[in-house]
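Novice: Before I ask anything, let me first share the structure, which is written out below as structure tokens.
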Amino acid sequence: MRLVSLLPSATEIVYALGLGDDLVGVTFECDEPPTARIDKRIVVGGRDTRGMSPGEIDDYVKSRMAAGEDLYTLHADALAELRPELILTQDLCRVCALPSGHVEDALDYLGCRADVLALDPHTLAEVLDTIHAVGERTGVPERAEALVTRLRARLDAVAAAVAGRTRPRVAVVEWVEPPFTAGHWVPDLVRAAGGEPVAARPGARSVETTWREFADAGPDVVLVAPCGFHLDGAVAQARIVAERLPGVPVWAIDADGLVVRPGPRLVDGVEAMAALLHPGVVPDPPPGAIARVA
């Protein structure tokens, strides 16, 4: 089956299911595995925001959205040339990827016949369900079941390790200029890691808030996981958070790798969070996962 992935998390799922050779098209943001952008055709482009501050990125996104413009560009001709049979996309967040409706409209215009599967999880459990969905649609349900079984076993191991321990109150900051709460599956990650999420919106969209709300929530730990950034970028933004919330331990985490992309590596994120919340109880995460800033 010829597959096209229009979001990084779907690309990770495809490779985790051993279907990398079937993947023919990806987005410019698909960086896991690192060879994905090199070996595959890029069918979705977007603005390179490197060098822009969080505030500048926020202004750019809001201006595009207010004008009814997309943040991503679908390279329709490239998509048609690839002759995909299944396209993986989403409707969860217009800031994260092209909505499935835009893809279907493009296929109609091009006269392409391809199935479109939208992956729209709101919780950690639903993220695991999307792995099953991709496995079913690609004809490898047994691989999906095996992968999900392994991921659940790792989650169970963390749960057993932190059972009975005091749960620190954890605030996750998903953006800093302006501040955004943690939403969707992120509070689930905190809870699975042995923490108690505060100033959070489990299963719902992350929303703009205030630093006062974060402070009033009384967190024992603040975790900075800005969407679109790996650890280096998260560390830079965590320094801003440390200034806004003095006196509270502040950690940065590889957000794109471990927190905000709804794919298999969210379990890596749970393990990394558990290591910082309960030192010595679970193994330390690999270098490049987390860093204390304050």
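Every read-out reported here was derived from the displayed coordinates using simple, explicitly stated rules and does not represent laboratory data. In this text, all values refer to a predicted model and were calculated from it rather than measured experimentally. Virtual Cβ from ideal backbone geometry, glycine too; neighbours counted across all protein chains shown.
Novice: Under a plain spin-label model, where a point goes 7 Å from the Cα along Cα-to-Cβ, how far apart in nm are Arg165 and Asp59?
Specialist: 4.3
Novice: Trypsin sites (Lys or Arg not before Pro), restricted to the range 1-74: which are DSSP loop and have at most 16 other Cβ atoms within 10 Å?
Specialist: Here the trypsin sites (Lys or Arg not before Pro) that fit, given the DSSP loop and packing criteria, are Arg2, Arg47, Arg50.
Novice: Over the range 1-86, what per residue volume does the convex hull of the Cα atoms give, in whole Å³?
Specialist: 105
Novice: Near Ile290, within a Cβ-to-Cβ distance under 13 Å, what is the net charge of the other residues, with Lys and Arg +1 and Asp and Glu -1?
Specialist: After counting each charged neighbour, the total is -4.
Novice: Could you work out [θ]222 nm for the chain from helices alone, using -39500 (n - 2.57) per DSSP H run of at least four and dividing by all its residues? Round to the nearest 500 deg cm²/dmol.
Specialist: Here the helix-only value at 222 nm equals -12500 deg cm²/dmol.
Novice: Where does each of 194-205, 239-250 land if you order them by average Cβ count within 10 Å, highest first?
Specialist: 194-205, 239-250
Novice: Could you pull out every residue, at least 5 positions away or on a different chain, whose amide H is within less than 5 Å of the one on Gly183? Hs are placed 1.01 Å off N in the peptide plane, and Pro or chain starts have none.
Specialist: Sorted by chain and number, the residues that satisfy this are Arg201, Ser206.
Novice: Collect residues whose amide H, placed 1.01 Å from N in the peptide plane, falls under 5 Å from the amide H of Val198; neighbours closer than 5 in sequence don't count.
Specialist: Result for Val198 returns Val170, Ala171, Val172.
Novice: Using modelled backbone amide H atoms (1.01 Å from N, in-plane), which distant-in-sequence or interchain residues come within less than 5 Å of Ile42's amide H?
Specialist: Answer set, sorted by chain and number: Val26.
Novice: For the chain, rounded, prolate or oblate, judged on the Cα gyration tensor with a ≥ b ≥ c (square roots of eigenvalues), a/c < 1.5 rounded, else prolate if a/b > b/c?
Specialist: oblate
Novice: Dipole magnitude of the chain about its Cα centre, charges +1 at Lys/Arg Cβ and -1 at Asp/Glu Cβ only, in debye to the nearest 20?
Specialist: It comes to approximately 660 debye.
Novice: Continuing with the same structure: Please list, in order along the range 281-293, the HN-Hα scalar couplings obtained from phi with the Karplus expression 6.51 cos²θ - 1.76 cosθ + 1.60 (θ = phi - 60°), rounded to whole Hz, x for Gly and Pro.
Specialist: 8, 10, x, 5, x, x, x, x, 8, 9, 7, 7, 10
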